[in-house]
1. The conditions are (1) of a type outside the set (Gly, Ala, Ser); (2) buried (at least 18 other Cβ atoms within 10 Å of the Cβ); (3) not assigned by TED's automatic domain parsing to the domain that holds Thr381, and Asn143 fails exactly one of them. Which is it?
2. Scan the stretch 110-145 residue by residue and report those that are within 20 Å of Met58 (Cβ to Cβ) and either in contact with a Ser or Thr (Cβ under 7 Å, 6 or more places away or on another chain) or not in a strand (DSSP E or B) (or both).
3. For Thr180, all conditions in the list (1) of a type in the set (Ser, Thr, Tyr); (2) surrounded by fewer than 24 Cβ atoms within 10 Å (Cβ to Cβ); (3) over 21 Å from Leu42 (Cα atoms) hold save one; what is the number of the exception?
4. Look at Ala209 and say whether it is within 25 Å of Gly411 (Cα to Cα) and touching a residue at least 40 places away in the same chain (Cβ under 8 Å).
5. What are the residues in the stretch 46-61 that are part of a helix (DSSP H, G or I), surrounded by fewer than 22 Cβ atoms within 10 Å (Cβ to Cβ) and not small (Gly, Ala, Ser), if any?
6. Please report, ordered by residue number, the strands (runs of 3 or more DSSP E) entirely within the stretch 370-453 with at least 1 residues that are at pLDDT below 95 and surrounded by fewer than 18 Cβ atoms within 10 Å (Cβ to Cβ).
7. Looking only at the stretch 359-368, count every residue that is assigned to a helix (DSSP H, G or I) and either within 20 Å of the chain's Cα centre (by Cα) or not assigned by TED's automatic domain parsing to the domain that holds Phe214 (or both) and tell me the total.
8. Go through the stretch 183-193 and give me each residue that's in a loop (DSSP other than H, G, I, E, B) and buried (at least 17 other Cβ atoms within 10 Å of the Cβ).
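The values are calculated or read from the model by the stated rules, or taken from the named source; none is laboratory data. Treat the numbers as computed from the prediction; the structure is a model and nothing was measured. Quick reminder, even Gly has a Cβ in these numbers, built from the backbone with ideal geometry, and neighbours come from all protein chains shown.
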Amino acid sequence: MSNLFSDPLIKPKDDIAGVFDEENGLLDRRIFSDDDLYQQELDQIFGRAWNFMVHESMLPNVGDYFINYIGEDQVIVVRDKTEKIQVLLNTCRHRGNALCRAEQGNAKSFVCSYHGWNYDLQGNLVGIPGRKDYYRDDIDQANLGLAKAAKVDSFEGFYFATLDPEAPSLYDYLGEVGRTGIYMMTANGEIEAVNGVQKNIVDCNWKIAVDNLFDWYHVRYSHHSAVKAGLLDIDKMLHPLNQMVLLGEYGHAISGPCIPEKLQQQIDTMTDEQRKEFSEADGSVRLRPASAKKKMGEQGVRSMGHPNIFPNLWVTLNGMQFCLRLPRGAHSTELWWFTLVQKDATPEQRKAVVRFANHTFGPAGLLEQDDGENWTQSSQTSKGRASGLLKHHLAMAQGHDIIATDKNGAGVIETHINEHAQRWNYQAWQDWMQAKDWADLKQNHRKVPEGKI
């Protein structure tokens, strides 16, 4: 199948390399308001990347479907009659009407409400009203099935799709850091997604919302109201001197608090039952079972930070929630919050997880309300004639830390609060925006650095 974006309307701009001044940590804030750049992102980034689609627990039965997006392209994610997951563009091949209007459900087929064209769960066109009388049997029905994602694959029960047939395998795309981010959600055992996705729209550029997940500098100031309300104990959560950053290829990164090495050595001597008892007594950390170290590696298992699976999948609360930052134009982002629980959780435990998640992030969450105000204002100022010419300053800790490469290829920085992951994110953004295709991106994207960073 050819790439649906093989002939983009907007070509790469010659000045992309100057958007982020890497030497001085200065970012051109116009990237948060430029409509042409946004259109190019839909092509160069979302059209090429592996995009999260669904967790397997959300589609347990044949015919179960969930509506998601790749950039601004709406897709139907459905379990077909062979129990395979299909990702189909939600647009009829006749006149472009959306086939599915419900956000999720179960269907035997997908029938267009405009003229009745009928598609099976694999996207094949199986029925055309009036085919004999109106079309006179003169229509190429076999080649008018729904358009599909070029590739669909899963990792640890999380399904992703890409529109680009030249994309690497999902496993290789995720790399060590991306896989570690997903392991955060599965390290404690089998999980399932809670029914319902919390959705809200913030008047900000999607990159601001991604940038913020790496930012532990703002927590004490932006979220003071949550501290006063008793929702958070910042001093226990923040660990400003125990920060770890993991950098991976293609822009994946994890940043935030970590378990100190000496404490991890003590944890390694504990049984899983002792780890559980410690977590319940401490209240600020959820120790992972011994099996997690094999999956996440010696460094990754210590991370308690926030992963971002490039471009826009954030994992938070030590794997209890994850969020998609879906682009809705240069000036708007739709946030989708998913909550996870252990499959063997009791009703009381499930209720406690959902309650905490609802009060933390999402439209009713104390933290999200604080963040949304900041993101909106940061995006709005990028539109000004004078203020838009100023730069975002992202030079915190630049040139003051050492990055080491672990045996699996991840870059590891142990440091204080910093902006290393933000810089890595915008460096990767430049790589994606400059590359002509996947062959170019594979060859010329920056590798994980070594030494002083």
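1. Of (1) of a type outside the set (Gly, Ala, Ser); (2) buried (at least 18 other Cβ atoms within 10 Å of the Cβ); (3) not assigned by TED's automatic domain parsing to the domain that holds Thr381, only one is false for Asn143: (2).
2. Leu121, Gln122, Gly123
3. Result: Thr180 fails condition (2) only.
4. Answer is yes for this residue.
5. Glu56, Met58
6. Qualifying strands (runs of 3 or more DSSP E): 402-405.
7. 3
8. Of everything in the stretch 183-193, those that are in a loop (DSSP other than H, G, I, E, B) and buried (at least 17 other Cβ atoms within 10 Å of the Cβ) turn out to be Ala187, Asn188.
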